[in-house]
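The values are calculated or read from the model by the stated rules, or taken from the named source; none is laboratory data. Computed from a predicted structure; not experimentally measured. Every residue, glycine among them, receives a Cβ derived from its backbone with ideal geometry; neighbour counts consider all protein chains shown. Quick note on the areas: whole protein, heavy atoms, side chains included, nothing else; ligands and nucleic acids left out. Shrake-Rupley method; radii C 1.70, N 1.55, O 1.52, S 1.80 Å.
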Amino acid sequence: MVNKQIAEATKVELDLSQDETKAINEAVNSAVNEEIKNAASATSEIKVEDIISKDNRYKVLNSDDVISTNKIGDIEVKILYEIESEEKEFKCTIKVVDTIAPIIEYDEEVVTNQDENINLFKHVSVSDNSLEEIDVKVEGEYGFNKPGTYKLEYVAEDSSGNVTRRDFTLVVKEKKVTKPSAKPSSNNGVIGKTSKGFDIKKINGVFYIDEILIVNKTYALPKNFVPKNTYESAVDVKTNCQTCIDKEAYNSWLKMKDDAASLGLGICIQSGYRPYNLQKSLYNNYVERDGKKAADTYSARAGHSDHQTGLAFDLNSINDDFTKTKEAKWVNDNAYKYGFILRFPQGKEKYTGYKYESWHLRYVGNELAEKLYNNGDWISLEEYFGITSKYSD
Ligand SMILES: [Zn+2]
C-alpha cells in the first residue's frame, strides 16, 4: 500500500539575471513557496503561471511549465515577465525535497520456535510519499537458535534522509523436548530365547532370530505373508516366480550369476518365490505320490517353505543330478561370498528336517553366510541359532 502524499517544497531558489529584479525574486520566491506549500496537500501539479500571476507587481508573459511536486529533485522553470513596460526573463530552480518520513506497517510481536528461522521482513512493509522503493533494516541483536525475547527495531530511511523507526518484539520460544512415548510393549516382539541364547522375535506373525527371518518345520509363515521389496512384485502372484526375490538378494544373485558365467559356469533360478497356495498343492501332490512321511523329508508344508519368503530359490535342475555338476561345486564353495547359504547342507537332516539340497540357496547376508559356510564345512541355520525344525504333529 502506497500512501500518496505530495512532497513539501521547503526550498525554492530563484536565480534572477538582473539585480533590479531582486524584489521580484523575493516576491516570486515567497509566492512559489507559499503556493507549493498550500498545494502540497491537494494536488501534485502546480502551474507556474498560476503562482506567479497572483502577484500584482509583475505579470507573467509566457510560462507553461508544470511543476510536479510529487517528485524529488530540481525543477528548472523559465519565466517571462513584464515590469514597468519592460520585458524580462528569469530562470528559477525549484528544489523539491521530501520532509515526510517513510511509513512502516509492521507486527509489534513476531513469534517463532527455537531453530525455526523466519523472515522478519515478511512482518513489515514500508511506503513513502516519494514513491521510491525504500529498504527496511532490522536493528538489534537476536538469534533464532537462542530462546528469548528480543527488543528490535525496524528502520526505514528515504533518500531525503527522513528516518522512521518502529520498535517490535521477537519472541523465540524454547524448543519443546519431546519425551519418547512409552512403548506399547517393552519386549519388541521377543517371545523367547533359543538354546544358544538368541532372542526369538515374532513380528506380524513372522519369526526372526538375530534379524534373520526363520521358516522351517517349527516356525511357520502366516498364510497371507507376501514378501515386500522384491525385484519384481510378489503381490497377487499365483505361480512360481523366479524374479519375485528380495531386491538385495536378487542383486547379489545377479552378480553371483555373472561371476559364475565368467568362469564358464551356467547357473539359473529354476524355482523362486512360491505363494502359500502353490506350496500347498505341490506338497499335497507329493503326499499323494510318496506318502506324507516321505514328502516331509523333501517338501515343505504350506507356510513352512523357505520359498514363501522371497529370500530363497532353487538352481538349475532340482534333483541330485545337480549335485555332481561343476556348477554345484562352485556354488557350494562361493555362494557365501554373495550372502547365500546352502539352507539344507549335506549330513544336517537331523537339524534342518530335510535331505541335502545342493540347489537350494537362501539369502542371509554376507556376515552370517560366511559363518555358516565355515570354511566348507557347512553349519545349518538350526545348529547355529540353536532351534529345532519339527512339525508339531
Ligand atoms: Zn528349494
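Taking residue 303, is it out of contact with any helix residue (DSSP H, G or I) (no Cβ under 7 Å at 6 or more places or on another chain) and among the small types (Gly, Ala, Ser)? Walk me through it before giving the result.
Values: out of contact with any helix residue (DSSP H, G or I) (no Cβ under 7 Å at 6 or more places or on another chain): no; among the small types (Gly, Ala, Ser): yes.
So residue 303 fails the test.
If I go through segment 342-364 residue by residue, how many of them are of a type outside the set (Ser, Thr, Tyr), without any contact (Cβ under 8 Å) to a residue 40 or more places away in the chain and touching a helix residue (DSSP H, G or I) at 6+ places or on another chain (Cβ under 8 Å)?
Looking only at that region, the number is 5.
Please work out if residue 349 is of a type in the set (Asp, Glu), more than 14 Å from the ligand (Cβ to nearest atom) and either assigned by TED's automatic domain parsing to the domain that holds residue 206 or more than 43 Å from the chain's Cα centre (by Cα) (or both). If you could, list the steps in order and put the result at the bottom.
Details: of a type in the set (Asp, Glu): yes; more than 14 Å from the ligand (Cβ to nearest atom): yes; either assigned by TED's automatic domain parsing to the domain that holds residue 206 or more than 43 Å from the chain's Cα centre (by Cα) (or both): yes.
Yes; evaluated as a whole, the condition is true for this residue.
Can you find a residue that is over 43 Å from the mean Cα position of the chain (by Cα), at pLDDT 95 or above, assigned by TED's automatic domain parsing to the domain that holds residue 197 and charged (D, E, K, R) anywhere in segment 302-318?
no
Report whether or not residue 312 is in contact with a strand residue (DSSP E or B) (Cβ under 9 Å, 6 or more places away or on another chain) and closer than 29 Å to residue 199 by Cα.
Yes.
Just the residues that are open to solvent by 40 Å² or more (accessible area, probe 1.4 Å) and farther than 18 Å from residue 365 by Cα, please, taken from segment 226-250.
Residues satisfying the conditions are 226, 232, 233, 235, 236, 238, 239, 240, 242.
For the subset of segment 317-332 comprising residues that are under 15 Å from residue 257 (Cα atoms) and open to solvent by 50 Å² or more (accessible area, probe 1.4 Å), which member is farthest from the ligand (Cβ to nearest atom)?
Our first condition is that a residue be under 15 Å from residue 257 (Cα atoms); within segment 317-332, this holds for 326-332.
Within this subset, residues satisfying the condition of being open to solvent by 50 Å² or more (accessible area, probe 1.4 Å) are 326, 329.
Values: 326: 21, 329: 19 Å.
My answer is 326.
Looking only at segment 263-299, which residues are within 15 Å of residue 220 (Cα to Cα), open to solvent by 20 Å² or more (accessible area, probe 1.4 Å) and near the ligand (Cβ under 10 Å from one of its atoms)?
274
Tell me, please, whether a residue that is acidic (Asp, Glu), at pLDDT below 90, open to solvent by 90 Å² or more (accessible area, probe 1.4 Å) and out of contact with any Ser or Thr (no Cβ under 6 Å at 6 or more places or on another chain) can be found in segment 133-143.
Scanning segment 133-143, I find at least one residue that is acidic (Asp, Glu), at pLDDT below 90, open to solvent by 90 Å² or more (accessible area, probe 1.4 Å) and out of contact with any Ser or Thr (no Cβ under 6 Å at 6 or more places or on another chain), so the answer is yes.
Of the conditions (1) within 12 Å of the ligand (Cβ to nearest atom); (2) out of contact with any strand residue (DSSP E or B) (no Cβ under 7 Å at 6 or more places or on another chain); (3) closer than 26 Å to residue 206 by Cα; (4) not acidic (Asp, Glu), residue 302 clears all except one; give me its number.
(1)
Would you be able to say whether some residue in segment 333-340 is open to solvent by less than 20 Å² (accessible area, probe 1.4 Å) and within 13 Å of the ligand (Cβ to nearest atom)?
The answer is yes, given that some residue of segment 333-340 is open to solvent by less than 20 Å² (accessible area, probe 1.4 Å) and within 13 Å of the ligand (Cβ to nearest atom).
Give the number of residues within segment 359-380 that are touching a strand residue (DSSP E or B) at 6+ places or on another chain (Cβ under 7 Å) and either within 12 Å of the ligand (Cβ to nearest atom) or of a type in the set (Lys, Arg) (or both).
Matching residues across segment 359-380 total 4.
Out of everything in segment 245-280 that is touching a strand residue (DSSP E or B) at 6+ places or on another chain (Cβ under 9 Å) and without any contact (Cβ under 8 Å) to a residue 40 or more places away in the chain, what residue ends up being farthest from residue 337 (Cα to Cα)?
We begin by selecting, within segment 245-280, every residue touching a strand residue (DSSP E or B) at 6+ places or on another chain (Cβ under 9 Å); these are 245-250, 252-253, 256-257, 267-275.
Checking which are without any contact (Cβ under 8 Å) to a residue 40 or more places away in the chain leaves us with 247, 250, 257, 274.
Details: 247: 17, 250: 14, 257: 12, 274: 25 Å.
Ranking the candidates gives 274 first.
Can you tell me which of 87, 82, 105 is among the acidic types (Asp, Glu), at pLDDT 85 or above and in a strand (DSSP E or B)?
Details: 87 fails: at pLDDT 85 or above; 82 fails: at pLDDT 85 or above.
Checking each option against the conditions leaves just 105.
Kindly establish whether residue 312 is out of contact with any Ser or Thr (no Cβ under 9 Å at 6 or more places or on another chain), more than 17 Å from residue 346 (Cα to Cα) and within 15 Å of the ligand (Cβ to nearest atom).
The answer is no for residue 312.
So, in segment 288-347, exactly how many residues are assigned to a loop (DSSP other than H, G, I, E, B) and closer than 30 Å to residue 393 by Cβ?
Qualifying residue count, segment 288-347: 15.
Could you list, in sequence order, all residues of segment 369-383 that are open to solvent by 20 Å² or more (accessible area, probe 1.4 Å) and over 28 Å from residue 292 (Cα atoms)?
370, 371, 373, 374, 375, 376, 377
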